[in-house]
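Engineer: Structure provided below as structure tokens; questions to follow.
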């Protein structure tokens with residue numbers, strides 16, 4: 001009997017996962033014809049095809065057995081592909097039995113794990129914008145940089161994968177941004193072009209400074225669900241807007257670069273990361289001008305398209321959750337249709 005193979009793309013976040021998952025959703029039939037099963041729920045498939053943010057084809061907090069219960073026939077597949085960009089986080093949390101559940105579900109399978117790293121500064125900044133966009137984060141960039149642990153997380157993941165007797169492939173998104181899909185195809189053992197480009201080439205863009213600060217303010221007052229009416233529609237329906245760098249003081253940037261220099265000096269990283277895929281750090285002077293001064297008074301610009309989209313996105317929940325507004329809106333529509341009412345005596 002042919003050995004069962006499990007491919008697991010486990011992250012990291014902000015390394016092109018949404019783009020790859022959009023391509024995979026479109027390529028499910030062609031992948032199946034090549035012997036690779038990529039099970040996907042209908043709603044997630046629709047969102048991925050449209051270039052919207054998804055969790056790939058599994059929930060990272062679920063035991064794998066729970067995921068398999070949603071996909072009849074997946075247990076018996078000879079070649080299974082899983083993708084979730086936060087899976088590396090749950091795999092490296094000792095209080096969660098996610099790693100053990102993989103071997104429970106597939107005790108004899110060959111396990112191949114793909115993990116994209118990214119140069120620390122770009123990764124940290126992009127990750128910060130993402131947690132503001134999607135996770136209700138309210139702090140500034142400097143606070144987020146102090147907790148960034150990308151290189152340390154890689155070492156933890158390597159230990160977990162070795163414990164599962166799996167094969168870990170490490171690629172640097174910063175080196176492969178322009179040929180990302182090709183690296184994924186190579187990992188799967190496919191020919192170049194086997195997976196078609198997604199319908200929307202720009203997926204899950206970052207934010208302008210104005211969008212970022214608006215989302216932060218809504219996070220503070222409304223919470224995590226506010227992304228559904230602010231950053232989600234902005235990024236999904238206006239994908240071509242050019243993002244901007246968040247504000248960051250030079251001293252905070254210097255502290256981050258110093259800490260990362262120390263982290264990257266760990267000899268275990270050099271031994272683990274393949275040649276040509278290693279982390280790179282810029283000098284302080286080379287990048288300091290990229291970041292606006294947070295001490296300067298903030299003035300933010302929005303285009304007419306952004307304002308119109310925000311107004312439409314906000315109008316829906318406001319009208320749905322405020323019956324008085326909905327009633328008045330319906331009365332105005334009725335009057336517009338019937339014309340002005342005549343008063344007695346006219």
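Engineer: Of all residues in region 103-118, count the ones that are out of contact with any strand residue (DSSP E or B) (no Cβ under 7 Å at 6 or more places or on another chain) and in contact (Cβ under 8 Å) with a residue 24 or more places away in the chain.
Structural biologist: Residues flagged as out of contact with any strand residue (DSSP E or B) (no Cβ under 7 Å at 6 or more places or on another chain) and in contact (Cβ under 8 Å) with a residue 24 or more places away in the chain within region 103-118 amount to 4.
Engineer: Of everything in region 25-36 that's crowded, with 20+ Cβ neighbours inside 10 Å and in contact with a helix residue (DSSP H, G or I) (Cβ under 7 Å, 6 or more places away or on another chain), which residue is modelled with the highest pLDDT?
Structural biologist: Among those residues, the one meeting the criterion is 36.
Engineer: Which residue, of 185, 165, is out of contact with any helix residue (DSSP H, G or I) (no Cβ under 7 Å at 6 or more places or on another chain) and crowded, with 16+ Cβ neighbours inside 10 Å?
Structural biologist: Result: 185 is the single residue among 185, 165 that is out of contact with any helix residue (DSSP H, G or I) (no Cβ under 7 Å at 6 or more places or on another chain) and crowded, with 16+ Cβ neighbours inside 10 Å.
Engineer: Would you check if there is a residue in region 317-330 being assigned to a helix (DSSP H, G or I), at pLDDT 95 or above and loosely packed, with under 10 Cβ neighbours inside 10 Å?
Structural biologist: No, there is no match, as no residue in region 317-330 is assigned to a helix (DSSP H, G or I), at pLDDT 95 or above and loosely packed, with under 10 Cβ neighbours inside 10 Å.
Engineer: Being buried (at least 22 other Cβ atoms within 10 Å of the Cβ), part of a helix (DSSP H, G or I) and in contact with a helix residue (DSSP H, G or I) (Cβ under 9 Å, 6 or more places away or on another chain), is that true of even one residue in region 50-69?
Structural biologist: Among the residues of region 50-69, at least one is buried (at least 22 other Cβ atoms within 10 Å of the Cβ), part of a helix (DSSP H, G or I) and in contact with a helix residue (DSSP H, G or I) (Cβ under 9 Å, 6 or more places away or on another chain), which makes the answer yes.
Engineer: Here is a further query. Quick one: residue 309 ticks every box in (1) modelled with pLDDT of 90 or more; (2) touching a helix residue (DSSP H, G or I) at 6+ places or on another chain (Cβ under 8 Å); (3) surrounded by fewer than 12 Cβ atoms within 10 Å (Cβ to Cβ); (4) farther than 20 Å from residue 141 by Cβ bar one, so which box is it?
Structural biologist: All conditions are met except number (3).
Engineer: Quick one: would you say residue 215 is assigned to a loop (DSSP other than H, G, I, E, B) and either at pLDDT 95 or above or loosely packed, with under 12 Cβ neighbours inside 10 Å (or both)?
Structural biologist: So residue 215 fails the test.
Engineer: Shifting gears a bit: Suppose we filter 171, 157 for residues that are touching a residue at least 12 places away in the same chain (Cβ under 8 Å), outside any helix (DSSP H, G or I), in contact with a helix residue (DSSP H, G or I) (Cβ under 6 Å, 6 or more places away or on another chain) and buried (at least 21 other Cβ atoms within 10 Å of the Cβ); which single one remains? Can you show your working first?
Structural biologist: Working: 157 fails: outside any helix (DSSP H, G or I).
The unique qualifying residue is 171.
Engineer: Another question, then. From 122, 191, 139, 199, which residue is free of Cβ contacts under 8 Å to residues at least 60 places away in the same chain, touching a helix residue (DSSP H, G or I) at 6+ places or on another chain (Cβ under 8 Å) and part of a loop (DSSP other than H, G, I, E, B)? So that I can check it myself, show each step before the final result.
Structural biologist: Values: 122 fails: part of a loop (DSSP other than H, G, I, E, B); 139 fails: touching a helix residue (DSSP H, G or I) at 6+ places or on another chain (Cβ under 8 Å); 199 fails: free of Cβ contacts under 8 Å to residues at least 60 places away in the same chain.
Exactly one residue qualifies, and that residue is 191.
The values are calculated or read from the model by the stated rules, or taken from the named source; none is laboratory data. These numbers were taken from a predicted model, which means no experiment stands behind them. All Cβ positions, even for glycine, are placed from backbone atoms using ideal geometry, and neighbour counts span all protein chains on display.
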